[in-house]
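Here is the structure we will look at.
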2 protein chains.
Amino acid sequence: MDEFTLIRTYFAPLAAGFRGSLNLTDDAAVLDIPAGNQLIATTDTIVEGVHFIGSEDPSMIAKKLLRVNLSDLAAMGATPYAYLLAGTLPKKVNVNWVKKFAKGLSEDQKLFGIALAGGDTTASFGPLTLTITALGLIPKCKALRRNGAKAGDDIYVSGTIGDSALGLLCLKKKLPRDRYLQLRYLLPQPRVALGEKLRGVANACIDISDGLMQDLGHICHTSKTCARLDRPMIPLSPPARKLIEKKSALWNAILSGGDDYELLFTAPKDKASAVAAISRNLKIPTTRIGSITTGKNIVVEDGGKIVTPAKTGYKHF
Amino acid sequence: MDEFTLIRTYFAPLAAGFRGSLNLTDDAAVLDIPAGNQLIATTDTIVEGVHFIGSEDPSMIAKKLLRVNLSDLAAMGATPYAYLLAGTLPKKVNVNWVKKFAKGLSEDQKLFGIALAGGDTTASFGPLTLTITALGLIPKCKALRRNGAKAGDDIYVSGTIGDSALGLLCLKKKLPRDRYLQLRYLLPQPRVALGEKLRGVANACIDISDGLMQDLGHICHTSKTCARLDRPMIPLSPPARKLIEKKSALWNAILSGGDDYELLFTAPKDKASAVAAISRNLKIPTTRIGSITTGKNIVVEDGGKIVTPAKTGYKHF
C-alpha cells in the first residue's frame, strides 16, 4: 500500500469532519482561530526502545503519543484543538499495524475533542519514531505558566505520583508484574479538564514528565523561588504504597522518575477552597504536598527529617 | 551536555525576541494570531539515509529541514510565522554538530522571517530524524488550494525543473559531479515570496516535492481535471539542458523526480500578465508549461508526439 492510499484509507477518516484539515488533500491545514483566543503549540516525539517498547498494541502507542502531547496542553490550561502527526515507519509496520494505530487515535480524538489536521509519513530503516504537534486554544492571556509561583503558595499534584516509574520497573522485570502500575506507564491520563479549570486559580503549572523533583525544579527556576515538600503527603496509589512499605529506597523512583503526566501546580492559600471545588467537580484528586519558599534549595521532609533525594535535578543558582 | 543546557545554549537564542516562544521555558508556545488571519500548519520529517546523506554540514541539514516545510507554506500562499522542532538525535551528534545545526537555522530564520516557538529533543539509537512543524499566517479565505484548477487554465512552474533529481544522481555517482545540481538537491529555495503574491491570482498551487508529474496529478485529482504539458517548454537549468541533450532518457528523472521545491500553479489565461508582473518584480522566473484540460489523462507532448512517462503516478479515476 503506497503512502497516498495509506493516508486516504486510515488517516483521512481521522481528519474527516474537521474543516481545517482540508481532508488531508493539501500541503498544509488551514485553521480558524476564534477571536479572543491564543494558540497553544507543543511538540513531542516518542521513539521505539526509548519511550515505548515496540511490542505494545499499536492503539496503545497511538494513545500514549497523543496523550503526552495533550498533557503539555493541559499544563498550559489549553483546550485541545487539532494535531499534526509525523511518522517515521520501519518496514515491519504493515497495514494491520497502521489500522490499529489509527483506531487508537480515533478513540482518543473522541475522548479529548481533538482532530487530525495534517501529517507526514516517511519510510525509515531505523526505529519507529512518532512526532505529534498538538495545537490548543486558550482565551487571551489566560495560559498557565511555569514562572508564576510565589513564596507561600501551596504546591499541589493531581492523581498519584510515581506509578509510571514503578510500572516501567515492573515491565523491565526489576519489580514484580503489576497490571495497574504498568498501565499507568503505558497509558497516561492527561489532565486536560483540570488544566482548563485551573486558569485564573493556579499561579504556576507544569505536567510531570521529567519527574516530580525535576519538574518542580522547572517551576522554581523560572519563578525564582524554592520549595519544601512534605514526603508523607505525596499521594501514592495502593500498589505504590505497598511497594514503598517493603522497600523505602523506591522513594527515589517515585520522586525522580518521570512519565506520570499528572499536573503539578501552585496556588495561593486563599485559592485552597477553589482548588478543592474543582477537584470535587471533576472527580480528579488533587493533593497539597508542600509550599513554595524563598529558601536556597528544594527540600523534602519526612517527620522533621530531611530526605531530599541526592539527585534532585535542580539547584537554585 | 544535558538536554536543558543544550536547549538554553543553542536553541533558546533561536526563540529569543519571539514573545510567543516564552524563551522555551514552558510546556508549549503561546501564539497570537492577528485578527482576520487563518493559521496554516504543516509538518515534514527528514531522516538520515532517506532525505539527506548524514555527512553534510549540519547547517545544510538544518536549512533543508526548515526549507521543505517553508515550501509547504509557500504552496498555500502563507507568510511564515513560527516553527516547532523535534529532533531524535543519535549519540554521534555532539555539541559541535548542534552548534552548526543551530547556526543554519538562525541564518534561515532571518532570511525567511520565521522564529523558533518550541520543540523536543530525544536521544535515539536510530538514524538522525528531524521533524519541523511550520506555522504560517494568511488573510482569511485567501489560502491557495490544490482543488481550484479549471479547464483552460495555464499551468506554470517557478524556477527550473529536475535539477534536484539530477543532483541526487550526481551525489550517488550515477552522473558526473555537478556542484550546481548537487546544491539544488541539498539546499532547496522555497518560493515563499512567490506564494504570497499568487494569492488571488493562481487558481491552484502545490510545491513540487514528489515530482512534477505526481504533483500535477495531485492538482488534477483534487480539481477533477486533467492536463496537457508541452515538454519543450519545461524550464531546465543550463547543466540539466546539457545532460538531457546527451541522454534523453533523463527526461524521466526530470518529469518524475522530486525535491525541486518549485511552485507548480495554474491561473486563468487573463491572469497571464499578472503572473508575468509578479515574476518580474520578484525576479523569480515563472514559465507556462501547459494547460489544464477536461481530458482523461495527463499528457506530455513534444512536437506533436506523446512522450508521457510510463509511470506518471496519476490516472484520472
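The values are calculated or read from the model by the stated rules, or taken from the named source; none is laboratory data. Predicted model, so just to flag it, every value in this text is computed and none were measured. So basically every Cβ, Gly included, is an ideal-geometry build from the backbone, and we count neighbours across all protein chains shown. We work out accessible area using only protein heavy atoms, side chains counted, and drop any ligands, DNA or RNA first. Shrake-Rupley method; radii C 1.70, N 1.55, O 1.52, S 1.80 Å.
Residues being surrounded by fewer than 22 Cβ atoms within 10 Å (Cβ to Cβ) and under 22 Å from residue A:75 (Cα atoms): count how many of those fall in the stretch A:238-258.
Number satisfying all stated conditions: 2.
Give the stretch B:75-108 a look and list any residue that's open to solvent by 20 Å² or more (accessible area, probe 1.4 Å), within 14 Å of another protein chain (Cβ to nearest Cβ) and at pLDDT 95 or above, or say none.
Matches in the stretch B:75-108: B:79, B:81.
Within the set of pairs 6 or more residues apart or between chains, which connect a residue that is within 17 Å of residue B:31 (Cα to Cα) and within 12 Å of chain A (Cβ to nearest Cβ) inside the stretch B:109-124 to a residue that is open to solvent by 20 Å² or more (accessible area, probe 1.4 Å) and aliphatic (A, V, I, L, M) with Cβ atoms less than 7 Å apart?
B:118/B:24
Quick check, is residue B:192 among the β-branched types (Val, Ile, Thr) and either modelled with pLDDT under 95 or touching a Pro at 6+ places or on another chain (Cβ under 7 Å) (or both)?
Against the criterion (among the β-branched types (Val, Ile, Thr) and either modelled with pLDDT under 95 or touching a Pro at 6+ places or on another chain (Cβ under 7 Å) (or both)), residue B:192 qualifies.
Identify the residue in the stretch A:42-54 that is within 9 Å of chain B (Cβ to nearest Cβ) and in a loop (DSSP other than H, G, I, E, B) and, among all such residues, is farthest from the chain's Cα centre (by Cα).
Filtering the stretch A:42-54 for residues that are within 9 Å of chain B (Cβ to nearest Cβ) and in a loop (DSSP other than H, G, I, E, B), the one farthest from the chain's Cα centre (by Cα) comes out as A:49.
Does any residue of the stretch A:254-274 turn out to be touching a Pro at 6+ places or on another chain (Cβ under 6 Å) and among the hydroxyl-bearing types (Ser, Thr, Tyr)? Before the answer, list the steps.
Applying the first criterion (touching a Pro at 6+ places or on another chain (Cβ under 6 Å)) to the stretch A:254-274 yields A:255-256, A:261.
If we keep only those that are among the hydroxyl-bearing types (Ser, Thr, Tyr) too, we end up with A:256, A:261.
Yes - at least one qualifying residue is present in the stretch A:254-274.
Can we say residue A:295 is within 14 Å of another protein chain (Cβ to nearest Cβ) and either open to solvent by less than 40 Å² (accessible area, probe 1.4 Å) or within 21 Å of residue A:75 (Cβ to Cβ) (or both)?
Answer is no for this residue.
Scan the stretch B:139-182 for residues that are within 13 Å of residue B:261 (Cα to Cα) and either at pLDDT below 95 or surrounded by fewer than 24 Cβ atoms within 10 Å (Cβ to Cβ) (or both) and jot them down.
Listed by number, the residues that qualify are B:159, B:160.
Tell me, please, whether a residue that is within 13 Å of another protein chain (Cβ to nearest Cβ), at pLDDT 95 or above and crowded, with 24+ Cβ neighbours inside 10 Å can be found in the stretch B:55-66.
Checked the stretch B:55-66: at least one residue is within 13 Å of another protein chain (Cβ to nearest Cβ), at pLDDT 95 or above and crowded, with 24+ Cβ neighbours inside 10 Å.
Please go through the stretch A:55-91 and pick out each residue that is part of a strand (DSSP E or B) and either in contact with a Lys or Arg (Cβ under 6 Å, 6 or more places away or on another chain) or farther than 11 Å from residue A:132 by Cα (or both).
First, the residues of the stretch A:55-91 that are part of a strand (DSSP E or B): A:79-89.
Hits for the stretch A:55-91 are A:79, A:80, A:81, A:88, A:89.
Tell me which residues, restricted to the stretch B:186-235, are of a type in the set (Asp, Glu), open to solvent by 10 Å² or more (accessible area, probe 1.4 Å) and either under 29 Å from residue B:113 (Cα atoms) or within 14 Å of chain A (Cβ to nearest Cβ) (or both).
Residues satisfying the conditions are B:196, B:210.
Of all residues in the stretch B:264-286, which are in contact (Cβ under 8 Å) with a residue 24 or more places away in the chain, under 19 Å from the mean Cα position of the chain (by Cα) and open to solvent by 40 Å² or more (accessible area, probe 1.4 Å)?
Those that are in contact (Cβ under 8 Å) with a residue 24 or more places away in the chain, under 19 Å from the mean Cα position of the chain (by Cα) and open to solvent by 40 Å² or more (accessible area, probe 1.4 Å): B:282, B:285.
Would you confirm, using the coordinates I've provided, whether residue A:9 is in a strand (DSSP E or B) and of a type in the set (Val, Ile, Thr)?
Details: in a strand (DSSP E or B): no; of a type in the set (Val, Ile, Thr): yes.
No, not satisfied.
For the stretch B:19-41, give me the residue count where each residue is over 27 Å from the mean Cα position of the chain (by Cα), in a loop (DSSP other than H, G, I, E, B) and more than 7 Å from chain A (Cβ to nearest Cβ).
Matching residues across the stretch B:19-41 total 0.
Residues to consider are A:217, A:200; find the one that is farther than 16 Å from residue A:295 by Cα and not in a strand (DSSP E or B). Give the steps one after another, and end with the answer.
Numbers: A:217 fails: farther than 16 Å from residue A:295 by Cα.
Going through A:217, A:200 in turn, just one is farther than 16 Å from residue A:295 by Cα and not in a strand (DSSP E or B): A:200.
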